[in-house]
Each structure stands twice: as structure tokens, then as C-alpha cells.
2 protein chains.
Amino acid sequence: MYYDIATRVYNHTWKIDPVVRSVLDTDFYKLLMAQMIFRRYRDIQAVFGVKNRTTSVRLADIIAIEEVVEQLDHVRTLRLSPGESTWLRGNMFYGKRQMFSPDFIDWFERFRFPEYQIEKQDGQYALTFHGSWLETSMWEIPALAILSELRSRNVLKGMGRFELQVLYARAMSRVWEKIQTLKTLPQLKISDFGTRRRHGFLWQDWCVQAMIEGLGSAFSGTSNCLIAMRREVEAVGTNAHELPMVYAALTDSDEDLLRSPYHVLRDWQEDYAGNLLMLLPDTYGTESFLKLAPEWVASWTGIRIDSIDPVVGGDMAIRWWEERGQNPKEKLIIFSDGLDTDEILRIHEHFHGRVRIAYGWGTLLTNDFRDIAPGKMLDPISLVCKVVSANGRPAVKLSDNPAKAIGPADQIERYLKVFNVGDQKVLPVIV
Amino acid sequence: MYYDIATRVYNHTWKIDPVVRSVLDTDFYKLLMAQMIFRRYRDIQAVFGVKNRTTSVRLADIIAIEEVVEQLDHVRTLRLSPGESTWLRGNMFYGKRQMFSPDFIDWFERFRFPEYQIEKQDGQYALTFHGSWLETSMWEIPALAILSELRSRNVLKGMGRFELQVLYARAMSRVWEKIQTLKTLPQLKISDFGTRRRHGFLWQDWCVQAMIEGLGSAFSGTSNCLIAMRREVEAVGTNAHELPMVYAALTDSDEDLLRSPYHVLRDWQEDYAGNLLMLLPDTYGTESFLKLAPEWVASWTGIRIDSIDPVVGGDMAIRWWEERGQNPKEKLIIFSDGLDTDEILRIHEHFHGRVRIAYGWGTLLTNDFRDIAPGKMLDPISLVCKVVSANGRPAVKLSDNPAKAIGPADQIERYLKVFNVGDQKVLPVIV
């Protein structure tokens, strides 16, 4: 499969290039989480909602609602194909065959994306999904990819073939130079986490090829299942905030709430092992999470540092392991928050040799058109799709960066008290 | 016509992509000079020869002789097509219709490239053309373009599709950035002079499109007739060293030799006018040329500064005009020697507002793959095709840079004496 992206973008009609082209055109962690939910929480009801944290970019002014509806409706026609099912059943994930049990894949074969609700609100799309947690959760990545790619398409609409060719030539050169810089890092392990906020499917696919060609074994895979299948690379990813958020929402007391993040871990380790045992500590504050963690939590393989400053968060994790008699050199830290080359160099400089490191490179891999598209029109935005409630109870996320907090004000206040979160530092949210 | 260069290069067979694809795939000045020779010197015999001044790049080790022969033979099958003939007859050149007389075009329609002789010598190709001056002269550009493009093809051979795509993306980004830099210059006038040492035909064609798109009216045309015709831009160029070199070779006394450069001008102005009245003063030293020039020479439109440092040569011309009561602000200086953006910025800074300026941008427009191709394998080389003799007498060029002198040593010595050339400064020859 080889194509000239500029030509495809110039000629594209959504019939040959829909934004989402397969049930597998999603992040691998959604499948791992879905299986866990399938096994334990099939009956939980949930609401997911899309939020554009970059309010200055008025998506509803850029993208016509008909286009969003058309793409969302297209996603609702998708079903897992026999070849895709075979790949899920037979492929090795994280060194293991049969990662997904037959009953889960049976469900997945019958799965169709549930209904959605969309309306305009203050120049943004209020896009929500109501239904079972298992099904609504599957919308996260396709919904984000649709808004992200439709934004690109609308900005590029009307550009000539030559302009598009130069635009993609410059974007390719930029990605390639970034890769050449990263390549110099000792023991680099980096993967593509850029599905959700990608410039477009073809572009993400190109970026993955660039990583394959440029990094060789330092490239450890893509979060995108469809691309992983087609390009024959590892599908990667573990879990997300929605697990502790739903577990927390379902508790009935402050005491249960405080313990809920560890219930997630307990369930997770029943289903998964090895490099999938990655802590995501920041949902209600990294410091509190580590301090209150039962002893067995320190034996997990590693930790994903997300909303906290990576150097601060990584150092915190290393100290925590040391205090619990663990050897940090055998532990893995995954960094994945708004990474770009400079940030990766800084992190590598600080941590290399002290701990195993891996990077999940997202938006600034698959959607860095800063100064390439006219008038900053494609500068990255912080678009998220989060669980809003579970069984009618509000879902809350504090995170280490209050700019990323989610939930009703009174609940945020309650959670801050329960988790005994002290002063938090506001960091700029790039993506 | 739109194509993906990386794909074409990857798939190319010379049948669909010969290096030279038309009799018009040559520089416009060859046609102007040919018409002048056709009218006056149809019977003069000449020898042209290719020389690679960058001896460290052993072309005969890079390109198989069979490939060169195949391409040269292909050129010998070319004839002016009816559409091309119509364009030459009907198009406006330098503001004038019927630049070429019907009898010249009749000859051109019947023209076929004459025989060539090729052999390997010290890792280079000794490629020579014997015959009438009129016909052998036509080989200059195709011969250079063939060696230049076959070098590129051989270096790129074996690169994968992805590598080629990145290579061209980077080259496109580079050309585009150069154009964005140049664009800022006030009253810029720049044209493409890059046929002879181009990376390839498709690439030159792309560079011209980039100039059209990026520079608008600051782009004044291309020396390549075929591209000028297809892209509907101006065909540009005036005359070259071969005219004074042949005129000089045909003289019988030192006195006639000294006067011969001005005989060229006298003939030229019988045929051409306006912006075609461009002096090329460096064949036997710019200083001597200007000092000895008859009064009427100063009334020509302008001068092309070639082998001398552009600032020194330009200042010399301005002083010379002023001494002869001419207003430099009405004069045109064309710079065309080894230009790149930095050099153009330096020249513009020095001369802008004092004289009209135009740039003929050659190799570093159409063949700048420095640090893009692996191992400096496509760094520019100084490949020329020059007249070696006329009617059996050796042709000589001194130029302002002794590194560019051509001819037998005893003749060079004689010419240096006759033209009273003093100390010359050796400048590095980039292209």
C-alpha cells in the first residue's frame, strides 16, 4: 500500500477516505479495558462526553455539523471483519497469545457503536454517548479522531495541489528530523500514541512508517490496532483514567472512594501481567496515590507519568520504589503527556541509566503542523473524550494539573479532601 | 500534469522518463546563439567537450557507459515536434513575436543531434562532439543534463520508496524555505538557470512550479524551453562564452584577437535588442574587456557577472557606466554564478537601489541535495561542456577566475598577454 498523501487529501471524498475506517481504528488500550469491563461491569451504564479544552478554537465554526454526523453515522455501520477478528484471536500481544478470550471476541464481533447525541454549544460540539459503559467507552477514540481530522480537512479545503504537496513535504521533513534527533538517544523505546488527535488516518499511518524506517528496534509499536495489524508492528497501550473514575463514581462512602484506585489494580492484575502492569497514578493526585498504595502495588512493572511534570513525577516514583525495597533499574516509566523531541531529550537526560524508560508520543508526532498550515489554523488543540458519569453518578478526575480536572465543583472539592491533595501546580495544557 | 516525484523516481524506466525528452529540453540561449550562428557561421566546424572540474567525483565509476550511450542515442532520435515548432514561431520572447526567423525554424525542424564520441579517462567520461559549430553546440545542455541526472539516478538506485519519499520531502522543504527567504527581497527578479546541472527533469519542473507558486511576479522565467512552454512562463537567457571563444579562435592576429569580443557584440546587436543586449565580459577578463570596449558598448542594456566576485564585478560595471555618462539605475546586472540564497541576499543588500538586478539561479536551485542524499553522494559538481576548437584552432577561455580557464597552456599564456590580464584571484568553484 503506497500513496501520495497530498494527492489523496486533494481528491479525497469521505467514501474512500472516511476518518475512521474500521472498528480496529482505535487505541489498543480500549480493547484491554473493554475486556476487563466485559468480564466485570457489563451492566454499568455510563455517559461519555467530548470536550475541547482549547476553547479559543471554535470547532463548530470550522466544521459543519452535517460532516460530523456523516462520519459518526459511518462509524455506526462498522463491524469487526473476519480478518480483524482472526488477527485479534491469533496475534501475539505483549508477548502473549490469546490475550482476548473467545467470549470477548464473540461480543466484539457483534459490537456496533451505540447512539450519540450532538449539539452546538458556544462554538463547540457537545457530543455525548449514553449507554452501557462497555459500549460508550468504545466511542472515545473514533469521536476524537473524527473531530480532529475534520478540522484538518476543513482548514486544508481549498488549498491547491501544489500547496498541499509543499505542506506535506514540510510536515514529512519535520517528522523525519525529529526522528533523526531521537535516534541518537541511547536505549530509546518509543511508540505512537497519536490516534486520537491525529491530523488524519493516512498521516498517522505515514508517521508510523517513518518511525519503522527511522528508528528500527527503538520503535516499539503503535497504539492504533488497525495500523499495527497492517504494518505488522506491536499494538501497545495499557489503561486509562476511565477505570479509576468509574470505580470511584460507584463507591458509596469516602472510605471506599479512597480505596477504589487500588480495586482497579487488583482487578487489572487478575486479567493482565508483565508490561501491562502499569500504574496510572495521577487520577486523584500522584503523591496521594503512591503514599496510600498497598505494599503489593510497588511490585507492578512500572508507572505511566501523565499530568505531572515528568521529571518531578519520575523522581517521585523512583523514590517510592526505593523506599519499598524495589530496584528502580528493573522498573519501567512510560512518559506520554504532550511529548515532543526537546521534552524527550530532557527526560532521557534526567532518567537514562536510572530506570527503564519508554515514551508514548502522541499529538506532536501525528499532528504537528505548527507554522506549516496557514495562520496557525492547525496548531494542536486539547481535545478529550471522558467518562462523565457512571450509573448516574458524576465521574471525577483531579489529575496533578488542576487545569485538567473534570467533574462537578462540589465533587471535585470532596475528592480533593478525601484524597488529601495539597497544593497543586497549574501547568499549561498543550495537547 | 501532476505526479509524485518519489514514486516516479522509484518506478522509473528510461522509456517513460528519459533524461532529455525533447529538442526543446535545453536552454533558451542555445537557440538565440544557434540562430546567430545559423545566419553567419553555418560552415564553421567545431569540437565541444564535456569536463568535470570536480575530479574527486569519478563519474565513470558511478554511471555505466551503457547508460550514458543509451541516453545520448535517445537524444539523437529527437526532432522538434509540430507543437514545439508552433510555439517557437508564435510565442512572444522578451516582448517580441517572431524572435526566430522562418528559415531558422525550418532548419531547426530538420535538426538532429550529430554524432558523439565517448570514452573513459581517469574515472571520467571524455565525451566530445565533432561537426558544424551550429550542430555540436546544441549538445551542450543535453550532454550535461544526462550526466547530471544519471549520477542522481545511480546514487538513488536501491533506495526504498519510503526513503525516496523522505528525500524528496526534504528537498522540497528546502527549496520552499529558500523561496520564502528570497520572497522578502524588494524588487526581486529571479529565474531558473538550472537545466544543465539539474537533479532531474521532473525535479527541475517541480522547482519551477515552486518559483511560480512562491514568488509570483518576482519569478521571471526559466532557461528551459520545454518547461517554459509547458508551464507557460517566460523562456530566458542571452548568450554564452562560446561566442567570444569561437570568434577569438578564428582570428589570425593578436590585433584581431583583441578586437574579437566586440565583433561578437556587433553581430549580436544586429539580431537582438532590449534585454537581450547583455554583455558577458569575463571571457578574457572583465577589467580588460571594459577598458578596451568601444564607446557604443556602454549603451547596451546590461551585463552578466559570471566568474568574478559578484560585488567586485558589479561595482566595476557601475563605475564603468558612470565614467561613460550612463545612468546605472537604468542598467541591468544579471548574477548567475553559483548562486544560493545567502549569496543573493548579500548581492541584493549591496546593489539594491543602485542598479536593476536580476538573478539566474542554477545548480543550487535544481540540484541542492547536500546533506539530504546519503554520504554527500549528490553534492553539486562543476560539470561543463565547452567549445574546444573551431576550424581546428584551439578555443580559449581565461575568465576572471583562473580555476575556470580553458585551453592549451601556450594559448592561455598568449591570450593573457594580448588581453593584458594582470594578477587574477583564484576563487573556489562550487558549481
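Please treat every number below as a calculation from the coordinates, not as lab data. The model shown is predicted, which means the values in this text are computed figures rather than measured ones. Please note: Cβ atoms are built from the backbone with ideal geometry, for glycine as well, and neighbour counts cover all protein chains shown.
Under a 10 Å cutoff between Cα atoms, tell me which one of A:Ser382, A:Ser148, A:Ser336 has the largest fluctuation in the Gaussian network model of chain A. The residue with the greatest mean-square fluctuation here is A:Ser382. Within the listed set A:Pro281, A:Pro102, A:Pro261, the residue fluctuating most in the Gaussian network model of chain A (springs between alpha-carbon atoms under 10 angstrom) is A:Pro102. Residues within the reach of a label modelled at A:Asp271 (point 7 angstrom out along Cα to beta-carbon, backbone nitrogen below 19 Å), restricted to region A:55-84, are A:80. In nanometres and ascending order, the distances from the B:Ser101 label point to those of the other copies are 9.6 (point 7 Å from Cα along Cα→Cβ). Amide hydrogen proximity for B:Ile357: with H placed 1.01 Å from N in the peptide plane, the residues at 5 or more positions away or on another chain lying under 5 Å are B:Ile333. If R0 is taken as 35 Å, the Cβ-Cβ distance between A:Leu292 and A:Arg97 corresponds to a FRET efficiency of 0.45. Only beta bridges with both residues in the protein assembly as shown are counted; by DSSP, about 55 percent of them are antiparallel.
Selection among B:Gln424, B:Ile62, A:Pro281 by position relative to the dipole of the protein assembly as shown gives B:Ile62 as farthest towards the positive end (Cβ unit charges, Cα centre). Using Cα pairs under 8 angstrom and six or more residues apart, how large is the relative contact order of region A:149-302, in percent? 15 percent. Rounded if a/c is under 1.5, else prolate if a/b is larger than b/c, else oblate: which is region A:182-291, with a ≥ b ≥ c the root eigenvalues of its Cα gyration tensor? Since a/c reaches 1.5 and a/b is larger than b/c, the shape of region A:182-291 is classed as prolate. Of the complete DSSP H runs in chain B, those spanning 20 angstrom or more by Cα along the long axis with a mean Kyte-Doolittle score not below 0.5 are B:140-156, B:201-215.
Between B:Leu292, B:Leu257, B:Gly214, the Cα set farthest toward the positive side of the dipole of the protein assembly as shown (charges on each charged residue's Cβ, about the Cα centre) is that of B:Gly214.
The protein assembly as shown gives an Rg/Rh value of 1.11, both radii derived from C-alpha positions and Rh following Kirkwood. For chain A, a simple Cβ point-charge model (Lys and Arg +1, Asp and Glu -1, everything else neutral) yields a dipole of about 620 debye relative to the Cα centre.
Starting from the label point of A:Ala409 at 7 Å along Cα→Cβ, the same points in the other copies fall at 9.5 nm, in ascending order. Annotation: the residues B:Ile303, A:Ile44, sorted from fewest to most other C-beta atoms within 10 Å of their own C-beta, follow the order A:Ile44, B:Ile303. Gain on full extension, evaluated as 0.36 nm per residue between B:Arg324 and B:Asp256 minus their Cα-Cα distance, stands at 22.0 nm. Shown for B:Asp43: label points 7 Å from Cα along the beta-carbon vector, and their distances to the equivalent points in the other copies, 11.1 nm in ascending order. Contact order, relative form, for region B:76-148: 24 percent (alpha carbon pairs under 8 Å, 6 or more residues apart, mean separation divided by residue count).
3J(HN,Hα) along region A:121-136, derived from phi through the Karplus expression 6.51 cos²θ - 1.76 cosθ + 1.60 where θ = phi - 60°, amounts to 8, 6, x, 10, 9, 8, 10, 10, 10, 10, x, 6, 3, 3, 7, 5 Hz, with x in place of Gly and Pro. Of the cross-linked pairs A:Lys51/A:Lys291; B:Lys329/B:Lys404; B:Lys51/B:Lys417, those separated by over 29 Å at the C-alpha level are A:Lys51/A:Lys291; B:Lys329/B:Lys404. Anisotropy class assigned to region A:326-414 is oblate, per the alpha carbon gyration tensor with a/c at or over the 1.5 cut-off and a/b no larger than b/c.
Charged side chains reduced to their Cβ positions (Lys and Arg at +1, Asp and Glu at -1) give region B:187-333 a dipole of some 520 debye around its Cα centre. The calculated FRET efficiency for B:Lys376 paired with B:Arg230, based on their beta-carbon distance and R0 = 25 Å, is about 0.15.
Evaluate the relative contact order of region B:5-418 (contact order divided by residue number), counting alpha-carbon pairs under 8 angstrom at least 6 apart; express in whole percent.
22 percent
Near the amide H of A:Gly221, within less than 5 Å, lie the amide hydrogens of A:Asp192, all on another chain or at least 5 residues away, with H placed in the peptide plane. Using only Cα coordinates, the Kirkwood hydrodynamic radius of chain B works out to 22.0 Å. Within region A:5-418, DSSP assigns beta bridges of which about 55% are antiparallel (rounded to the nearest 5). Rounded to the nearest 20, the Cβ-based charge dipole of the protein assembly as shown about its Cα centre (Lys and Arg +1, Asp and Glu -1) stands at 520 debye. Expressed as a fraction of 2.2 N^0.38 Å, the C-alpha radius of gyration for region B:24-93 is 1.50. Under a 5 Å amide H cut-off, with hydrogens placed 1.01 Å from N, B:Arg79 pairs with B:Val23 among residues at least 5 apart or on other chains.
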